[in-house]
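Visitor: Before anything else, here's the structure in question.
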């Protein structure tokens, strides 16, 4: 292809993809903030501020000790300058004078912030069938529908509150799926996590509402380290969604979260993510470093965990939502759309660890790379010698937009018994100048053409999202890929 | 003598790609109701000619004019030219992953409807329209659910181009080697489609290497292109002569 038209194509696509980031504003608010840096006394200070029980402080200190001995992983297809962990603020919370009794007492600036993000927390306007936990920097601001959920025995609260209200559940399950020293970032998170959500679905209950947590990083120098724990007891069912945004700053901010899911016998957890952290500007400056450990444990037989993610934000994404299929006949699923543009880098995929008999897993990964971005799928399917009759199906599709983007696929499969059945399919396709010209020649605009190609490419994943959010995901991708083309 | 209005006038057209001048002073006039065949050796500029008329961004026009129904189209985007009534059947129709033929065809049809201020069709209404056109090129409705050109045989791809031509009902259609790579049955089907489509309000340019197509689709004029220029124009017999003598004879 010739250079001139290459340039035209790339600039057309760039314009199309570079919609201004809508959520780049920041909120001015009085903060309770601690000094930057990480050491034992900072951890003690965080724990003290949160008035935590002793077991949690010990959990943190143990994690910190492990973390100090560990090294940042270097195997990802990611290039970024070394993170200075002493230059990060580990606790930043909006100042709250007294304990809140109702939403009316939440700082109106905060309510306005979430309003602007499209997440209404007030009684009148909130979504009628979705309960929301709103996390701002290090703390949870409000959780809606708490009482309504409580009637069904469902606990949905910030993890800080849960530590006080249900310490025995937290002590039992925290770190049970992602051990403290599992990896560098999970160790860091275990040492300094400040808030997150806790959900507990009791036996035989089908959670009547979608549960959702909305994460917002506001402060320029603080990192966000949230912790989510979902426990679904025997025969229960829950669908959970997380969303996230951050203001536009020209420095990089660190987000290192840990999500743990526990599904007991016959339980069903569906976990969906629409990730829209700030990506950095078109020159690659700023944006969130997103290092996340997400893992689900199918402990009881017949249980099922399904991850769906739509990853459109962050400068760097390092994330592998995984399933430990321990119970017999358990089922793990991973559906992913990862869109990268400009200088974004994503190294994402899934791990399916088959331990129980007749366990099944399914991976459907769709990577879209535009601009000069780098999009990597990394998967690990492990069938242990006990997992008689296990089955896995993986499908990894990459779509390249323009000529300068990059896609990699690293599927790793390890099978230790002969009864397993593994299928792996992969494809790479490209939206190039000739496809776009084909659309144009048929009178179809470049926006419509790309939208059609993207939505066709992602359809398999979007149908997995909860209904309320499928439209949102479609809108998000379209937003990132639509615009005026000259 | 055909005194229908002119649909396409090309005057002293020079165009390049990669700073390589391909079209060198090309002149051509086409009236409504006419079929023109353009023949010529490989590399003579036939495909460039079709891409330049359609407005492919890789090609730059250096000088000259292209008038479509009397107005200059050189400053128009490819999709505007398509809306005005210029259709290009591609020599190598490209595969479009993830997009069903049905969605693609409906979007193309509705884009044109919108341009003409006519109502856009929903999938059910559209199915009726497309189903009727499918029969003209002997294609089964099954192929609507397949992705655009993905896994299509060479013949199916070419038939799909003709289907789109019929669906969009453009006034000027340029068929770039639509006949190459077709077996005799497919050639008959396609020729049949073209003949049913053609009428006094339209014009067609057939770019071809072979006289074979011209036995089924009878042209009014045959032009020979060489080195970016039209060096000879004649009637259908010229094609037969070329088949016998080759292009060297014209030098």
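Visitor: When residue A:283 is evaluated against the numbered criteria (1) in a loop (DSSP other than H, G, I, E, B); (2) within 18 Å of residue A:210 (Cα to Cα), which criterion, by number, is the only one it fails?
Guide: (2)
Visitor: Please specify each residue of the stretch B:56-74 satisfying the condition of being assigned to a loop (DSSP other than H, G, I, E, B) and within 13 Å of chain A (Cβ to nearest Cβ).
Guide: Within the stretch B:56-74, B:56, B:57, B:58 qualify.
Visitor: Just the residues that are at the interface with chain B (Cβ under 7 Å from one of its Cβ atoms) and at pLDDT 85 or above, please, taken from the stretch A:428-444.
Guide: Passing the criteria: A:434, A:435, A:437, A:438, A:440, A:441, A:442, A:443, A:444.
Visitor: What is the one condition in (1) under 15 Å from the mean Cα position of the chain (by Cα); (2) surrounded by fewer than 22 Cβ atoms within 10 Å (Cβ to Cβ); (3) not in a helix (DSSP H, G or I) that residue B:206 does not satisfy?
Guide: The one condition residue B:206 does not meet is (2).
Visitor: Checking the conditions here, which among A:404, A:452 is surrounded by fewer than 23 Cβ atoms within 10 Å (Cβ to Cβ), more than 14 Å from every other protein chain (Cβ to nearest Cβ) and farther than 28 Å from residue A:351 by Cβ?
Guide: On the way: A:452 fails: more than 14 Å from every other protein chain (Cβ to nearest Cβ).
From the options A:404, A:452, the qualifying one is A:404.
Visitor: Which one of these is part of a loop (DSSP other than H, G, I, E, B), in contact with a strand residue (DSSP E or B) (Cβ under 7 Å, 6 or more places away or on another chain), within 11 Å of chain A (Cβ to nearest Cβ) and surrounded by 15 or more Cβ atoms within 10 Å (Cβ to Cβ): B:96, B:53?
Guide: Of B:96, B:53, the one residue that is part of a loop (DSSP other than H, G, I, E, B), in contact with a strand residue (DSSP E or B) (Cβ under 7 Å, 6 or more places away or on another chain), within 11 Å of chain A (Cβ to nearest Cβ) and surrounded by 15 or more Cβ atoms within 10 Å (Cβ to Cβ) is B:96.
Visitor: Would you say residue A:375 is closer than 20 Å to residue A:312 by Cα and touching a residue at least 60 places away in the same chain (Cβ under 8 Å)?
Guide: Values: closer than 20 Å to residue A:312 by Cα: yes; touching a residue at least 60 places away in the same chain (Cβ under 8 Å): no.
For residue A:375, the condition - closer than 20 Å to residue A:312 by Cα and touching a residue at least 60 places away in the same chain (Cβ under 8 Å) - is not met.
Visitor: A follow-up question, please. May I ask you to say which residue of B:105, B:88 is in contact with a helix residue (DSSP H, G or I) (Cβ under 8 Å, 6 or more places away or on another chain), assigned to a helix (DSSP H, G or I) and crowded, with 16+ Cβ neighbours inside 10 Å? Give the steps one after another, and end with the answer.
Guide: Details: B:88 fails: assigned to a helix (DSSP H, G or I).
Of B:105, B:88, the one residue that is in contact with a helix residue (DSSP H, G or I) (Cβ under 8 Å, 6 or more places away or on another chain), assigned to a helix (DSSP H, G or I) and crowded, with 16+ Cβ neighbours inside 10 Å is B:105.
Visitor: Restricting to the stretch A:176-191, what's the tally of residues that are modelled with pLDDT under 90 and surrounded by 24 or more Cβ atoms within 10 Å (Cβ to Cβ)?
Guide: So the answer is 0.
Visitor: Also: Are any residues in the stretch B:119-134 surrounded by 11 or more Cβ atoms within 10 Å (Cβ to Cβ) and either within 16 Å of residue B:190 (Cβ to Cβ) or over 21 Å from the mean Cα position of the chain (by Cα) (or both), and if so, which ones? Quick ask: steps written out before the conclusion?
Guide: Of all residues in the stretch B:119-134, those surrounded by 11 or more Cβ atoms within 10 Å (Cβ to Cβ) come to B:120-121, B:125-127, B:129-134.
Residues satisfying the conditions are B:120, B:121, B:125, B:126, B:127, B:129, B:131, B:132, B:133, B:134.
Visitor: Follow-up. Would you confirm whether any residue within the stretch B:37-49 is crowded, with 17+ Cβ neighbours inside 10 Å and within 22 Å of residue B:83 (Cβ to Cβ)?
Guide: Scanning the stretch B:37-49 turns up at least one residue that is crowded, with 17+ Cβ neighbours inside 10 Å and within 22 Å of residue B:83 (Cβ to Cβ).
Visitor: When the stretch B:32-50 is examined, which residues are found to be within 13 Å of chain A (Cβ to nearest Cβ) and closer than 17 Å to residue B:203 by Cα?
Guide: Once the filter is applied, which keeps residues that are within 13 Å of chain A (Cβ to nearest Cβ) and closer than 17 Å to residue B:203 by Cα, the stretch B:32-50 yields only B:50.
Visitor: Kindly check whether there is at least one residue in the stretch A:301-314 that is part of a loop (DSSP other than H, G, I, E, B), at pLDDT 95 or above and surrounded by fewer than 23 Cβ atoms within 10 Å (Cβ to Cβ).
Guide: From the stretch A:301-314, those part of a loop (DSSP other than H, G, I, E, B) are A:301-303, A:312-314; that's our starting set.
Restricting the remaining residues to those that are at pLDDT 95 or above gives A:301-303.
Among the residues that remain, those that are also surrounded by fewer than 23 Cβ atoms within 10 Å (Cβ to Cβ) are: A:301-302.
Looking through the stretch A:301-314, at least one residue is part of a loop (DSSP other than H, G, I, E, B), at pLDDT 95 or above and surrounded by fewer than 23 Cβ atoms within 10 Å (Cβ to Cβ).
Visitor: Give the residues of the stretch B:75-89 that are at the interface with chain A (Cβ under 7 Å from one of its Cβ atoms) and in contact (Cβ under 8 Å) with a residue 60 or more places away in the chain, sorted by residue number.
Guide: B:82, B:88
Visitor: Among the residues of the stretch B:110-148, which ones are touching a residue at least 40 places away in the same chain (Cβ under 8 Å) and within 9 Å of chain A (Cβ to nearest Cβ)? If you could, list the steps in order and put the result at the bottom.
Guide: Here is the first cut: in the stretch B:110-148, the residues touching a residue at least 40 places away in the same chain (Cβ under 8 Å) are B:112, B:136-138, B:143-148.
Those that are touching a residue at least 40 places away in the same chain (Cβ under 8 Å) and within 9 Å of chain A (Cβ to nearest Cβ): B:112, B:147, B:148.
Visitor: To continue, here is another question. With A:425, A:447 as the choices, which residue is assigned to a strand (DSSP E or B), within 14 Å of chain B (Cβ to nearest Cβ), touching a residue at least 24 places away in the same chain (Cβ under 8 Å) and surrounded by fewer than 21 Cβ atoms within 10 Å (Cβ to Cβ)? So that I can check it myself, show each step before the final result.
Guide: Working: A:447 fails: assigned to a strand (DSSP E or B).
Testing whether each residue is assigned to a strand (DSSP E or B), within 14 Å of chain B (Cβ to nearest Cβ), touching a residue at least 24 places away in the same chain (Cβ under 8 Å) and surrounded by fewer than 21 Cβ atoms within 10 Å (Cβ to Cβ) leaves just A:425.
Visitor: Further question on the same structure: For the stretch B:120-158, how many residues are in a loop (DSSP other than H, G, I, E, B) and touching a strand residue (DSSP E or B) at 6+ places or on another chain (Cβ under 8 Å)?
Guide: Step one: of the stretch B:120-158, the residues in a loop (DSSP other than H, G, I, E, B) are B:120-122, B:137-140, B:146, B:148-153.
Of the ones still in play, those that are also touching a strand residue (DSSP E or B) at 6+ places or on another chain (Cβ under 8 Å) are B:146, B:148.
The total comes to 2.
The values are calculated or read from the model by the stated rules, or taken from the named source; none is laboratory data. The model shown is predicted, which means the values in this text are computed figures rather than measured ones. Here the Cβ is made from the backbone with ideal geometry for all residues, glycine too, and neighbour counts use every protein chain on show.
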